[in-house]
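Colleague: This is the structure I want to talk about, given as structure tokens.
The values are calculated or read from the model by the stated rules, or taken from the named source; none is laboratory data. Because the structure is predicted, anything quoted here is derived from the model rather than measured. Cβ placement follows ideal geometry from the backbone for every residue including glycine, while neighbour counts extend to all protein chains displayed. Accessible surface is based on the protein model in full, side chains and every heavy atom, while ligands, DNA and RNA are left aside. Shrake-Rupley method; radii C 1.70, N 1.55, O 1.52, S 1.80 Å.
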Amino acid sequence: MNGLRPDLALIAEWIAPGSHVLDLGCGDGSLLAHLQAAKRCAGYGVEINDAQVLACVRAGVDVIQQDIETGLGMFHAPSFDVVVLSMAIQMTHRTERVLREMSEVGREGIVSLPNFGHWSHVWSILRGRMPVSRELPYEWYNTPNLHMSTVHDFEDFLARLGLTITARAFLNDGQPVGWLPALRSTQAIYRFRRG
């Protein structure tokens, strides 16, 4: 769909036309650029990487260069209809703080993450090796991933934070997974809100 990564395409489907969106760790801004063009959405990306910030500017995406872990205090609660964090939560140091602030500045949040519980990862560990895959492409010694999660762990974490899951989807190689998603999906996408 319009050159978007499969998880971003699914996220875009969940966002209503005209929504005010905050995309944390927005990368090159492709999600926001798509939402602006296809759904008349407005909003901001937050990105720390210089090259990615420049890519956002070139794509016509309003971007703020900042580390999301320093806080989202520049935004009032709730400033956005939707706050997105795609394929980056596993790289955060202050994961709980990031999710709490997402739920404060946005009416709803959407998070996509790699599923560490995929059967191939489990098999790698049983063989005595750390998993390497498309969603986890790094070796153990050079990975930016700090907090790996399974589907069940992440759902428990959302519940502990008082966040209610309103939708979930699971992908493997960009294709939907319905049967045994905890073992068969390589990515999980959650939509949630407070309460």
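Colleague: Leaving ligands, DNA and RNA out of it, report the carbon-plus-sulfur percent of the accessible area of the chain at a 1.4 Å probe.
Modeller: The value for the chain is 53 percent carbon and sulfur by accessible area.
Colleague: Over the chain, calculate the relative contact order: mean separation of alpha carbon pairs under 8 Å at least 6 apart, over the residue count, as a percent.
Modeller: Answer for the chain is 19 percent.
Colleague: Further question on the same structure: Between His93 and Thr143, what FRET efficiency comes out of the Förster formula 1/(1 + (r/R0)^6) with R0 = 22 Å and r the beta carbon distance, rounded to 0.05?
Modeller: With R0 = 22 Å, the Cβ-Cβ based efficiency is 0.95.
Colleague: State log₁₀ I(q)/I(0) for region 23-119 at q = 0.16, 0.20 Å⁻¹ as given by the Debye formula over alpha-carbon point scatterers of equal weight, solvent excluded.
Modeller: Each listed q maps to, in turn, -0.65, -1.00.
Colleague: For helix 95-105, what angle does its Cα long axis make with the longest principal axis of the chain, in degrees from 0 to 90 and rounded to 10?
Modeller: 30 degrees
Colleague: What area, in nm² and to one decimal, does the C-alpha convex hull of region 1-54 cast on average over all directions?
Modeller: 3.5 nm²
Colleague: Considering only protein heavy atoms, with the full assembly of protein chains and a 1.4 angstrom probe, order Met74, Met148 by accessible area, largest first.
Modeller: Largest accessible area first, the residues go Met74, Met148.
Colleague: Per residue, how much accessible surface does region 40-126 expose to a 1.4 Å probe? Answer in Å², no decimals.
Modeller: On a per-residue basis, 47 Å².
Colleague: Return the single residue from Asn49, Asn142, Asn172 with maximal mean-square fluctuation; model: Gaussian network over the chain, springs between Cα atoms under 10 Å.
Modeller: Asn142
Colleague: Whenever you get a sec, line up Arg94, Arg184, Arg58 from highest to lowest accessible area (probe 1.4 Å, protein heavy atoms).
Modeller: Of Arg94, Arg184, Arg58, the descending order of accessible area is Arg58, Arg94, Arg184.
Colleague: Helix 151-160 versus the longest principal axis of the chain: what angle, 0 to 90°, nearest 10, using Cα atoms?
Modeller: Result, in degrees: 50.
Colleague: So if I restrict to the alpha-carbon atoms in region 103-183, what is the Rg, and what is Dmax, the biggest pairwise distance, in Å?
Modeller: 14.2, 43
Colleague: Using only Cα atoms, what is the ratio of the radius of gyration of the chain to 2.2 N^0.38 Å?
Modeller: 0.99
Colleague: Here is a follow-up. Taking every pair of alpha-carbon atoms in region 31-74, what share in percent sits in each 10 Å bin, from 0 to the bin with the longest distance?
Modeller: All Cα pairs considered, the percentages come to 28, 49, 22, 0.
Colleague: In what sequence, largest accessible area first, do Arg134, Arg193 appear using a 1.4 Å probe?
Modeller: My answer, sorted largest first, is Arg134, Arg193.
Colleague: Using a 10 angstrom cutoff on alpha carbons, build the Gaussian network for the chain and name the most mobile of Gly128, Gly106, Gly29.
Modeller: The residue with the greatest mean-square fluctuation here is Gly128.
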